[in-house]
Amino acid sequence: MTDEERQTLIARAVAVRQWAYAPYSHYHVGAALLASSGKFYDGCNVENAAYGSSICAERTALVKAVSEGERQFEAVAVVTGNGGSPCGSCRQMLAEFGLDLKVLLLDGEGKVVRETTLRELLPDAFTPESLRRD
């Protein structure tokens, strides 16, 4: 990832957070995903009164990317008020497309509080290879 791509990724995650619909948790999240194609996809969390129908920002960005044909990703930036990490469902969804994904966790000011990989966030991940037939 180039410096310019990194800055764009962060800026998009920060910007999209303002659109989060979080009337229940009040936990606004923005995420941006950089595909290997060089395209960016972003998303925010969208809550629902039927809590199970809610979707996280990371999954929103991922679904947008996959629905447009992307299958390989370089990095994701996630912005929360406190620099929180993706939930287990988001980690699992992202793991479907590779564990070497760079993960940037940012606080509400857009400051990177942690830089890691999906592999570090999801050790012993269940991946497509886990479904090998015997």
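The values are calculated or read from the model by the stated rules, or taken from the named source; none is laboratory data. All values derive from a computational prediction rather than experimental measurement. Cβ atoms come from the backbone with ideal geometry, glycine included; neighbour counts cover every protein chain shown. The accessibility values were calculated without ligands, DNA or RNA, using every heavy atom of the protein model including side chains. Shrake-Rupley method; radii C 1.70, N 1.55, O 1.52, S 1.80 Å.
In Å², what does the accessible area per residue of the chain work out to with a 1.4 Å probe?
Roughly 56 Å² per residue, with all protein chains present.
List the lysines whose Cα lies under 23 Å from the Cα of LYS64, skipping any in the same chain that are fewer than 8 positions away.
Filter leaves LYS39, LYS102.
Please state, as a whole number in µm²/s, the translational diffusion coefficient that the Stokes-Einstein equation yields for segment 1-59 at 10 °C and 1.306 mPa s, with Rh defined as the Kirkwood radius across alpha carbon pairs.
133
Whenever you get a sec, compute what percent of the accessible area on the chain sits on carbon and sulfur atoms (1.4 Å probe).
Roughly 49 percent of what the probe reaches on the chain is carbon or sulfur.
Nearest 20 debye, what's the magnitude of the dipole of the chain about its Cα centre given +1 on Lys and Arg Cβ and -1 on Asp and Glu Cβ?
Taking the Cα centre of the chain as origin, the dipole is about 180 debye.
Per residue of segment 2-17, in order, report the coupling 6.51 cos²θ - 1.76 cosθ + 1.60 (Karplus, θ = phi - 60°) as ³J(HN,Hα) in whole Hz, putting x for Gly and Pro.
7, 4, 5, 5, 4, 5, 5, 4, 5, 4, 5, 5, 5, 5, 6, 4
Set the Förster radius R0 to 25 Å, insert the Cβ-Cβ distance between TRP19 and ARG71 as r into 1/(1 + (r/R0)^6), and round the FRET efficiency to 0.05.
Efficiency, from the Cβ-Cβ distance: 0.45.
Hand me the trypsin sites (Lys or Arg not before Pro) from segment 1-98 located in a DSSP loop with no more than 16 other Cβ atoms within 10 Å, in residue order please.
Here the sparse-neighbourhood loop sites are LYS39, ARG71.
Which Rg and Dmax, in Å, describe the Cα atoms of segment 33-90?
Final numbers for Rg and Dmax: 12.0, 36 Å.
Which value, to two decimals, describes the C-alpha radius of gyration of segment 22-134 once divided by 2.2 N^0.38 Å?
Normalised Cα radius of gyration, segment 22-134: 1.06.
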